[in-house]
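A short worksheet on the structure shown next.
The values are calculated or read from the model by the stated rules, or taken from the named source; none is laboratory data. Just so it is clear, the structure is predicted and the values come from calculations on it, not from any experiment. Cβ atoms come from the backbone with ideal geometry, glycine included; neighbour counts cover every protein chain shown. Heads up: the accessible areas ignore ligands, DNA and RNA and are worked out on the full protein's heavy atoms, side chains in. Shrake-Rupley method; radii C 1.70, N 1.55, O 1.52, S 1.80 Å.
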Amino acid sequence: MERYSLINEKNKREIVLLIGSGCKWKKCTFCDYHTDFNKNQDICFDINKKVLGKVTGIYNTLEVINSGSFVDLDKNTLDYIEKVCLENKINKLHFECHWLHKDDILKTKDYFKSKGITLKTKLGIETFDYYYRESFLRKGIEEKEVKNIAKYYDEVCLLQGLSGQSVEFMLKDIAIGLENFERVCVNIMVENKTYIKPDPRTIQNFIEQIYPIYKHNNRVDILLNNTDFGVGGEKDDK
Ligand code: SF4
């Protein structure tokens, strides 16, 4: 599995896919990547240290993802991320975090700020349509008010390419995302081990009617395939 990559367009950054103790929610109906975890902290740190060793600071920005939330990373890994940032003049760090752990976000932002690092947090909200999100995707985000979510998060991920998503539905989600957050990442559903399937008609509509509008928008990342950032794929390191 590839765990380090360089994103050379839009929000230029290095990205690492680290491994933690595992997502504490694990109930999203479309997700099979929460299986990338290890309860042994030493094994996690060993893998993470090697991956973080590839970071050069070329763009002064690092995104850390870990198939869960940053709170699932062990203390040694978190300390090592800080060390790598300071040594490589990285002043902007991106973490992902499930809504369950939102109360850990502000104090973590303050901590990194005291080190001269701006922490940006990303939420996989998938859609702002509460009922679609909670009854079909089972995301575990009980908050309906976007403003209350934006207090904690700077960026959101949307999941598109599913049945029941009209062009208007998808455009509305992107518009709400851009209105309330700094950046939006649209993930197009791909086949995985869950029973949720990508809907070819919805994906075709996205590619024909939505992709051309946003493909050059610097605030929008679009992953037509979930390995488009250069990380992920088949597991082979543990
Ligand atoms: S919160 Fe993220 S990692 Fe956890 S089950 Fe949902 S999509 Fe998967």
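Test E9 against the stated conditions and say whether it is open to solvent by 70 Å² or more (accessible area, probe 1.4 Å), in contact with a Gly (Cβ under 7 Å, 6 or more places away or on another chain) and more than 16 Å from the ligand (Cβ to nearest atom).
Values: open to solvent by 70 Å² or more (accessible area, probe 1.4 Å): yes; in contact with a Gly (Cβ under 7 Å, 6 or more places away or on another chain): no; more than 16 Å from the ligand (Cβ to nearest atom): yes.
Taking the combined requirement at face value, the residue does not satisfy it.
Note down all Cβ pairs under 6 Å where the first residue falls in the stretch 147-160 and is within 23 Å of F206 (Cβ to Cβ), the second is open to solvent by less than 20 Å² (accessible area, probe 1.4 Å) and part of a helix (DSSP H, G or I), and they're at least six residues apart or on different chains.
V156/G177; L158/D173; Q160/M170; Q160/F206
Taking the stretch 23-45 as the search range and keeping residues that are out of contact with any Lys or Arg (no Cβ under 7 Å at 6 or more places or on another chain) and closer than 20 Å to G233 by Cβ, which one is surrounded by the most Cβ atoms within 10 Å (Cβ to Cβ)?
Result: C44.
Could you check, for the stretch 178-187, whether at least one of its residues is without any contact (Cβ under 8 Å) to a residue 40 or more places away in the chain and loosely packed, with under 13 Cβ neighbours inside 10 Å?
yes
Kindly establish whether D72 is modelled with pLDDT of 95 or more and open to solvent by less than 20 Å² (accessible area, probe 1.4 Å). Break it down stepwise before answering.
Values: modelled with pLDDT of 95 or more: yes; open to solvent by less than 20 Å² (accessible area, probe 1.4 Å): yes.
Yes: the conditions hold for D72.
Kindly list the number of the only condition in (1) in a loop (DSSP other than H, G, I, E, B); (2) in contact with a strand residue (DSSP E or B) (Cβ under 8 Å, 6 or more places away or on another chain); (3) at negative phi; (4) surrounded by 13 or more Cβ atoms within 10 Å (Cβ to Cβ) that fails for S163.
Only one criterion is unmet by S163, namely (2).
Out of L93, L86, which single residue is away from the ligand (no atom under 16 Å from the Cβ), modelled with pLDDT of 95 or more and under 23 Å from N218 (Cβ atoms)? Talk me through it step by step, then tell me what you get.
On the way: L86 fails: under 23 Å from N218 (Cβ atoms).
From the options L93, L86, the qualifying one is L93.
Give T77, T118 a once-over and let me know the one that is crowded, with 16+ Cβ neighbours inside 10 Å and either within 24 Å of Q209 (Cβ to Cβ) or within 20 Å of the chain's Cα centre (by Cα) (or both).
On the way: T118 fails: crowded, with 16+ Cβ neighbours inside 10 Å.
That would be T77, the only listed residue that is crowded, with 16+ Cβ neighbours inside 10 Å and either within 24 Å of Q209 (Cβ to Cβ) or within 20 Å of the chain's Cα centre (by Cα) (or both).
Whether any residue in the stretch 65-73 is more than 16 Å from the ligand (Cβ to nearest atom) and in contact with a strand residue (DSSP E or B) (Cβ under 7 Å, 6 or more places away or on another chain) is what I want to check. Break it down into steps so the answer makes sense when it comes.
Restricting attention to the stretch 65-73, the residues satisfying the condition of being more than 16 Å from the ligand (Cβ to nearest atom) are none.
Checking the stretch 65-73: not a single residue is more than 16 Å from the ligand (Cβ to nearest atom) and in contact with a strand residue (DSSP E or B) (Cβ under 7 Å, 6 or more places away or on another chain).
Go through (1) without any contact (Cβ under 8 Å) to a residue 40 or more places away in the chain; (2) part of a helix (DSSP H, G or I) one by one and return the number of the condition F95 breaks.
Evaluating F95 over (1) without any contact (Cβ under 8 Å) to a residue 40 or more places away in the chain; (2) part of a helix (DSSP H, G or I) leaves (2) as the failure.
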